[in-house]
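Have a look at the structure below before the remarks.
The values are calculated or read from the model by the stated rules, or taken from the named source; none is laboratory data. Nothing here was measured: the structure is a model prediction, and the numbers come from that model. Counting neighbours? That spans all protein chains shown, and the Cβs are built from the backbone with ideal geometry, glycine included. Note: areas computed on protein heavy atoms with side chains; ligands, DNA, RNA excluded. Shrake-Rupley method; radii C 1.70, N 1.55, O 1.52, S 1.80 Å.
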Amino acid sequence: MKVDIVIIGGGPVGLSFASAMLNSNIKILLIERSSLDSIASPQVDGREIALTHLSLKILKKLGVWDLINQAEVSPLKEAKVFDGDSPSLLNFTTKNTSIEALGYLVPNYQIRKALYTKVKQKKKIDIITNMVVEDVIQLDECSQVILSNGDKIETKLVIAADSRFSDIRRKVGIPTLMKDFSKLMIVTQMSHELSHNNVALERFDYGRTLALLPMVGNISSIVLTVKINQSKAILEMNETDFNHMITQSFKYELGQMIQIGERYSYPLIATHAQTFISKRFALIGDASVSMHPLTAHGFNLGLRGQAILAKLVNEALDNGQDIGSKSLLKLYEKKHINLTRLMFFSTNSIVALFTNDAPLIKQIRSFVLKFAEHFPPIKYLIFNHLTQDKKYKSFHF
């Protein structure tokens, strides 16, 4: 079989790239190791995605935003960061700004479902499921993708979007930095008596981190980050005790809180590939960089990266150029990797600062929050970093 592009991984970023190529007159094959039902009808997984303004712009351009159930979209009007019991507070709000929200909270399964709905409309995009890519043989004029059933696919460009633990990334010889935080993120949905007023809360309690993401109505997504050796007790805790623990942790600010969804858990591991490209090969999404969820930029970076690559590929097609050329791939990496490195290492540094309970570090943490809150230039930079509203206004598709 011969195709123009092979996409490995049918997650949201792989599907986003496929969506970005819908108007091109080329043949694309997307290969996913899980079942068709898992990507066509994704189930609730407890994860809520905080979309930045840039991500919203990308999804609208892809024609995907209108396919998302808008009744499940919640605008984030304000965000507050607390340091344990300290009075130190960092507060971001849309008041006195030109934007209506810091970002938009959307269930992960809704984004995945909308992307698949968009991709399946195009006949020139084929999807193979329940299939594993065993290897990629990189040649000068093309690449050969070897499937687990023995089939070989010849293609001009291979794009890997097969998770932070990408097998193909390793097999083509791309080294990757991995940061294991030895912690587990426990997420669930809870209802509460009082309104959250669309305010997100993040509390760095000593020994754990607790976040509240405001959903539609008096419901919030609760994200509790704990050490792995503490996670089992919380995951197995009965609902009465769990409700009491979370209600107390938020100091009854939202009244009584009651769990209404399942508890899900995810290991906290961040990765960054040393390079995003190889011969006729590119990494996008978590296969290129996966972030600690502290700044909520994991999927947003993935969307940005695929948009850059898709734009370059579409321009090459318009000009009759090689879509897998070394120059094209180097330009993609140049436009994306420096920002991801900055965000990866800065986020990890922030995590280290705010999860270290040593007395001296606590004092430094308190000072940092006070300084950032009362020094407008710093706060403005962080605000733009979180929203991606004005900082990337020159980013064109």
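Is it the case that segment 8-30 has a residue that's within 18 Å of the chain's Cα centre (by Cα), hydrophobic (A, V, I, L, M, F, W, C) and assigned to a strand (DSSP E or B)? Yes - at least one qualifying residue is present in segment 8-30. Being of a type outside the set (Ser, Thr, Tyr), buried (at least 20 other Cβ atoms within 10 Å of the Cβ) and modelled with pLDDT of 95 or more is true of Ala161.
For Tyr116, state whether it is assigned to a strand (DSSP E or B) and touching a Leu at 6+ places or on another chain (Cβ under 7 Å). Against the criterion (assigned to a strand (DSSP E or B) and touching a Leu at 6+ places or on another chain (Cβ under 7 Å)), Tyr116 does not qualify. With respect to Gly173, is the statement that it is in contact with a strand residue (DSSP E or B) (Cβ under 9 Å, 6 or more places away or on another chain), over 30 Å from Val106 (Cα atoms), in a loop (DSSP other than H, G, I, E, B) and open to solvent by 20 Å² or more (accessible area, probe 1.4 Å) true? Yes: the conditions hold for Gly173. Looking across segment 19-38 at every residue that is of a type outside the set (A, V, I, L, M) and either in contact with a Phe, Trp or Tyr (Cβ under 9 Å, 6 or more places away or on another chain) or under 20 Å from Met1 (Cα atoms) (or both), the one that is surrounded by the fewest Cβ atoms within 10 Å (Cβ to Cβ) is identified as Asn25. Against the conditions (1) in contact with a strand residue (DSSP E or B) (Cβ under 7 Å, 6 or more places away or on another chain); (2) among the hydrophobic types (A, V, I, L, M, F, W, C); (3) modelled with pLDDT of 95 or more; (4) open to solvent by less than 20 Å² (accessible area, probe 1.4 Å), Ile258 satisfies every one except (4). Among residues of segment 327-345 that are open to solvent by 10 Å² or more (accessible area, probe 1.4 Å) and of a type outside the set (Asp, Glu), those with a beta-carbon under 7 Å from a residue that is in a helix (DSSP H, G or I) and modelled with pLDDT of 95 or more at least six positions away or on a different chain give the pairs Leu328/Leu312; Leu328/Ala316; Leu331/Leu312; Lys335/Ile308. The set of residues in segment 203-234 being closer than 22 Å to Leu268 by Cβ, open to solvent by 60 Å² or more (accessible area, probe 1.4 Å), touching a residue at least 40 places away in the same chain (Cβ under 8 Å) and not basic (Lys, Arg) consists of Tyr206, Ile228. The set of residues in segment 248-297 that are in contact (Cβ under 8 Å) with a residue 12 or more places away in the chain and among the charged types (D, E, K, R) comprises Glu253, Glu262, Arg263, Lys279, Arg280, Asp286. Here segment 45-75 is the region considered, the condition is being in a helix (DSSP H, G or I) and of a type in the set (Gly, Ala, Ser), and the residue that is surrounded by the most Cβ atoms within 10 Å (Cβ to Cβ) is Ser55. For segment 261-302, the set of residues classified as over 30 Å from Gln230 (Cβ atoms), touching a helix residue (DSSP H, G or I) at 6+ places or on another chain (Cβ under 7 Å) and polar (S, T, N, Q) consists of Thr275, Ser288, listed by residue number. Here Ala200 qualifies as at pLDDT below 95, among the small types (Gly, Ala, Ser) and open to solvent by less than 30 Å² (accessible area, probe 1.4 Å). For Tyr252, the requirement of being of a type outside the set (A, V, I, L, M) and open to solvent by less than 80 Å² (accessible area, probe 1.4 Å) is not met. In segment 232-252, of all residues being of a type in the set (Asp, Glu) and outside any loop (DSSP other than H, G, I, E, B), the one that is farthest from the chain's Cα centre (by Cα) corresponds to Asp241.
Just one of (1) in contact with a helix residue (DSSP H, G or I) (Cβ under 6 Å, 6 or more places away or on another chain); (2) within 20 Å of Leu309 (Cα to Cα) fails for Lys61. It is (1). When the residues of segment 130-144 are filtered to those that are touching a strand residue (DSSP E or B) at 6+ places or on another chain (Cβ under 8 Å) and under 14 Å from Arg33 (Cα atoms), the one that is surrounded by the most Cβ atoms within 10 Å (Cβ to Cβ) is Val133. For Leu294, the criteria (1) modelled with pLDDT under 95; (2) open to solvent by 20 Å² or more (accessible area, probe 1.4 Å); (3) over 25 Å from Asn197 (Cβ atoms); (4) in a helix (DSSP H, G or I) hold in every case but one, which is (3).
Criterion first (at pLDDT 95 or above, open to solvent by less than 40 Å² (accessible area, probe 1.4 Å) and either polar (S, T, N, Q) or under 20 Å from Leu194 (Cβ atoms) (or both)) does Thr275 satisfy it? Here the answer is yes, as Thr275 does meet what is asked.
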